[in-house]
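Worksheet for the structure shown next.
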Amino acid sequence: MEAQVMPLTNPDRLRDRALGALMGAFVGDALGVGPHWYYDLDQMVADYGPWIDSYTRPKPGRYHEGVEPGQPSQSGILLEMTLRSLADCSGYDEADFCLRLDGELFPQLDGTSMNGPGGYTSQSIRDAWRNRVQEGLAWGSFGSDVDNTEAAERIIAIAVRYALNPAKLAWAVTANTALTQTNSNVLTTTTTYGAVLGMLVEGHRFDADISDKLMDRIKADKRIARFNSAVQPLHAAAQGRLEVQIHTDCQPCMETFFPSHDALVTPSGVARAAHDSGIRIEPASKVSLLYGLPCGVHHQFPAAYYLTARFQDDFESAVLHALNGGGQNQARAMLTGALSGAMVGLSGIPRRFIDGLERAEVLLALAERLVGDMQSQAQRNDSHGYFIDERRCL
């Protein structure tokens, strides 16, 4: 039995959830710019007060200095770049995306951290810049072993675009992540995050059943994949970029991207903890201390899952608790913002967050284009074939 696409019984709700995921991510990113990376939580309170609930300006000498309230970090800029590429190409076009990195982002970098659009450049992007600009290496021949969520923040747009096409979602998210990061844990957890986000856009709830639903979907997808002789399984991708040759007449099955189900178990386990009356984290922002303040995917994803599951219908609480947890709160708020935004929809995001976001109308227009493509493709698909080739340059 092949996996089924959820029927578009309510296109308006689907659109609302998809727009909520995208705009929720942009909101979370911009909220985190001011109080980003405070590991001394007492100092964060001294600088911003006991509860941050709006866009703020970075303090002098700190990360993102010069960025104004409501403006994005480089993570938000990369998400918009990915969104624009998807909209312009009517789907994921790796060649187009790489051209944008080469022509739009990299000329603004110098290889140092406190530089570049948004006021800070992550380690994995700095590594990619050195490999491309200084070493002249080709895309696909390198990747960073850094375990941060840099790729997860930009693939939010890809996950939304292919929310109704789970196998292609897994392929496109993995392929895009592997452009800058080849750590096997990063690949599996990032692809899992994208798959979970896609399910929330579809209309699933973030509860204790979500992992089983995703694993059932993977097991049901028995499409045959054809690979060249150089193919490496995902768990070996740390040795180099995943080399998968995908042809128009033969697409990989979802199981290719989940050789281990360990990462898939986490969302349900965290959801159980969030809904267990015997487990309380008060205030919820202290989830950052439980799972860890640093940047690693193993710190960030569980915290985002917890806040999304705990505040099922409350975007403001989910994102602000992510923000007020300190540490790598920009990524935590962005990842939570996408998940929670998909749960509540754009209509459930308080208007003040959209109004305070710089260029909100431009971002909304781009998001509308992407969602329109997603819905148009879904209407063209047959009732159970969800791996339609839309690639242009891959």
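Within segment 179-205, take every residue that is buried (at least 24 other Cβ atoms within 10 Å of the Cβ) and not β-branched (Val, Ile, Thr) and give me the one that is farthest from Val265 (Cα to Cα).
Gln181
Considering only residues that are among the polar types (S, T, N, Q), part of a loop (DSSP other than H, G, I, E, B) and over 18 Å from Leu335 (Cβ atoms), which ones fall in segment 139-176?
Within segment 139-176, Ser141, Asn165 meet the criteria.
What about Lys168, is it out of contact with any His (no Cβ under 9 Å at 6 or more places or on another chain), over 20 Å from Ala342 (Cβ atoms) and not hydroxyl-bearing (Ser, Thr, Tyr)?
no
Run Ala95 past the list (1) free of Cβ contacts under 8 Å to residues at least 24 places away in the same chain; (2) under 27 Å from Gly372 (Cβ atoms); (3) surrounded by fewer than 17 Cβ atoms within 10 Å (Cβ to Cβ) and report the number of the one that doesn't hold.
Condition not satisfied by Ala95: (1).
Scan segment 292-334 for residues that are crowded, with 23+ Cβ neighbours inside 10 Å and part of a helix (DSSP H, G or I) and report the count.
Qualifying residue count, segment 292-334: 24.
Just give me the residues in segment 25-50 being without any contact (Cβ under 8 Å) to a residue 40 or more places away in the chain and surrounded by 22 or more Cβ atoms within 10 Å (Cβ to Cβ), in sequence order.
Gly34 - this is the single residue of segment 25-50 that is without any contact (Cβ under 8 Å) to a residue 40 or more places away in the chain and surrounded by 22 or more Cβ atoms within 10 Å (Cβ to Cβ).
Just to be sure, is Gly278 within 15 Å of Val196 (Cα to Cα), surrounded by fewer than 18 Cβ atoms within 10 Å (Cβ to Cβ) and at pLDDT 95 or above?
no
Evaluate the following for Asp96: is it in a helix (DSSP H, G or I), modelled with pLDDT of 95 or more and in contact with a Cys (Cβ under 7 Å, 6 or more places away or on another chain)?
Yes; evaluated as a whole, the condition is true for this residue.
Determine the pairs where a residue that is in contact (Cβ under 8 Å) with a residue 12 or more places away in the chain, located within segment 293-304, has a partner that is open to solvent by less than 20 Å² (accessible area, probe 1.4 Å) and among the aromatic types (Phe, Trp, Tyr) with Cβ atoms under 7 Å apart, the partner being 6 or more residues away or on another chain.
Phe301/Tyr193
Checking Met114 against (1) touching a Cys at 6+ places or on another chain (Cβ under 8 Å); (2) closer than 23 Å to Thr149 by Cβ: exactly one of these is not met. Which one?
Exception for Met114: condition (1).
Those residues that are open to solvent by 10 Å² or more (accessible area, probe 1.4 Å) and within 12 Å of Phe26 (Cβ to Cβ), I need them from segment 364-376; list them, please.
Leu364, the sole residue that qualifies.
Residues to consider are Asp53, Asp102; find the one that is in contact with a helix residue (DSSP H, G or I) (Cβ under 9 Å, 6 or more places away or on another chain), open to solvent by 40 Å² or more (accessible area, probe 1.4 Å), more than 23 Å from Gly140 (Cβ to Cβ) and not small (Gly, Ala, Ser).
Of the residues listed, the single one that is in contact with a helix residue (DSSP H, G or I) (Cβ under 9 Å, 6 or more places away or on another chain), open to solvent by 40 Å² or more (accessible area, probe 1.4 Å), more than 23 Å from Gly140 (Cβ to Cβ) and not small (Gly, Ala, Ser) is Asp53.
The values are calculated or read from the model by the stated rules, or taken from the named source; none is laboratory data. All of these numbers come straight from a predicted model, not from anything done at the bench. We place every Cβ from the backbone using ideal geometry, glycine too, and count neighbours over all the protein chains shown. In case anyone asks, the SASA skips ligands and DNA or RNA and just uses the protein heavy atoms, side chains included. Shrake-Rupley method; radii C 1.70, N 1.55, O 1.52, S 1.80 Å.
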